[in-house]
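Data first, discussion second: the structure below is written as structure tokens.
The values are calculated or read from the model by the stated rules, or taken from the named source; none is laboratory data. Source: prediction; values computed, not measured. We place every Cβ from the backbone using ideal geometry, glycine too, and count neighbours over all the protein chains shown. Only protein heavy atoms, including side chains, enter the accessible area calculation; ligands, DNA and RNA are left aside. Shrake-Rupley method; radii C 1.70, N 1.55, O 1.52, S 1.80 Å.
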Amino acid sequence: MTVKSVGFIGLGAIGRPMAVHVAYAFDAVVWNRTLANAESFASRHGARVAQTPAELVSAVDAVITCLPTSAEVFEVVSTIGDAWRSGHLLIDATSGDPAGSRRTAAFLEERGVGFVDAPVSGGTSGAEAGTLTVMLGGNEPWVAMAREVAGCYAAKVEHVGPIGAAHALKAVNNALLAVNILAAGEGLAALVKLGVKADVALEIINASSGRSNVTENLFPERVTSRAWPRTFRLALLDKDVGVALQVLQDYGVPAAAIATTKEAFGKARKLLGEEADHVELVKMIEREAGVEIK
Ligand code: NDP
């Protein structure tokens, strides 16, 4: 089936720039819990605003959700009721959890509606540029349909396995990001305390085997610069590490590194609040170590 119209639910930090590409490529309808955000989006980008999720679903071929967790996705999807029609597809761009995606998929399957988990990687800058990496979990023909839609905001779209597999992969990816933030923060705090300048330490690490996206990009751009931009909430990364930990435990895999990281992110979330950015975990390390990484 060729998709002509797409609905977008959840115009948050990453949903909004993704939806810009959707509005450019398809006949788009948007809904956001805070309706004013949907109205400002529509007036700038030429989409229609639905007053309710059910009104949105009635008007489109495929729906994208980009909400905090799988719990909000199920909450929204289940309130839509009879507006779902056989042949509809839900593409869930949330970084969700495999069990939550299977629950939503089962609810939709009873109505003849397809489900593909389609989390994204690449951050808000990748969303703005339309160069996200999209992982797809699901079955044909839905995966082909999801690929057609997600291509408008992605540089890479990969089918990785059955329903829930993409959410598991995304959670493991983000757990690796979190482990790196924690470990780099601790290591650099010690180096600065013993007299090594942070930019010198990063330069050497980035020419050596310990380098990562965290040391190459996030620390120079956000920590040593003291810029601390807010693009991806620490609370959401804490959620992702929790999803990864659950996946590891479900499959009987040792999880020491990810469990320790979950503990640190949970503590930072309590200390720094729901709006802090994910890299601000480093502020907690700095406070405990009594040093600034700069
Ligand atoms: P935000 O917190 O910025 O936005 C969340 C969105 O969900 C808002 O539109 C919010 O509406 C809506 N929402 C929250 N609760 C509900 C609810 N109960 N019912 C309906 N709508 C609700 O999150 P992000 O955009 O940053 O993240 C969205 C998803 O994408 C998350 O799963 C995140 O992990 C993932 N992600 C984020 C990235 C990033 O760089 N930010 C990168 C990759 C993935 P309202 O405007 O009313 O608050």
Contact order normalised by residue count of region 155-259, Cα under 8 Å, 6+ apart, percent: 34 percent
Rounded to the nearest 20 debye, dipole of the chain from Cβ charges on Lys, Arg, Asp, Glu: 460 debye
Cβ-defined net charge surrounding ALA184, 12 Å radius [Lys, Arg +1; Asp, Glu -1]: 0
Accessible area per residue in Å² at 1.4 Å probe, computed on region 42-148: 40 Å²
Å² per residue, accessible surface of region 162-280 at 1.4 Å: 48 Å²
Per-residue SASA entry for CYS152, accessible area with 1.4 Å probe, Å² rounded to 10: 30 Å²
Separation in nanometres of the label points that stand 7 Å from Cα toward Cβ, at GLU274 and ALA13: 1.4 nm
Difference of contour (0.36 nm per residue) and Cα-Cα distance, ASN139 to VAL200: 17.1 nm
Helix-derived mean residue ellipticity, 222 nm - over the chain, DSSP H n ≥ 4, -39500 (n - 2.57), to 500: -15500 deg cm²/dmol
Gain in span if fully extended, ASN213 to GLU110, counting 0.36 nm per residue against the direct Cα distance: 32.9 nm
Antiparallel DSSP beta bridges within region 114-177, as percent of all bridges there, nearest 5: 35 percent
Within a Gaussian network of the chain (alpha carbon springs, distance under 10 Å), most fluctuating of ASN217, ASN32, ASN139: ASN217
Antiparallel content of DSSP bridges confined to the chain, in %, to 5: 15 percent
Environment charge of LEU132, counting only residues whose C-beta is closer than 14 Å and scoring Lys/Arg +1, Asp/Glu -1: +2
DSSP-defined beta bridges in region 85-209 - what % are antiparallel, rounded to 5: 25 percent
Label point 7 Å beyond Cα of SER78 along Cβ direction - residues of region 91-123 with amide nitrogen under 16 Å: 97, 99-111
Label-point gap, in nm, between LYS267 and SER225 - each point 7 angstrom along Cα→Cβ: 2.9 nm
Residue of VAL196, VAL282, VAL157 that the Gaussian network model of the chain assigns the largest fluctuation, springs spanning Cα pairs under 10 Å: VAL196
Cut-off of 10 Å, at most 13 other beta carbons, DSSP loop: longest stretch of the chain lacking such GluC sites (Glu not before Pro): 111-273
Neighbour net charge for ARG85 - beta-carbon separation under 14 angstrom, K R +1, D E -1: -4
Portion, in percent, of the accessible area of region 68-201 that falls on carbon or sulfur, probe 1.4 Å: 55 percent
Sequence-distant lysines (8 or more away, or on other chains) whose Cα lies within less than 18 Å of LYS193: LYS283, LYS294
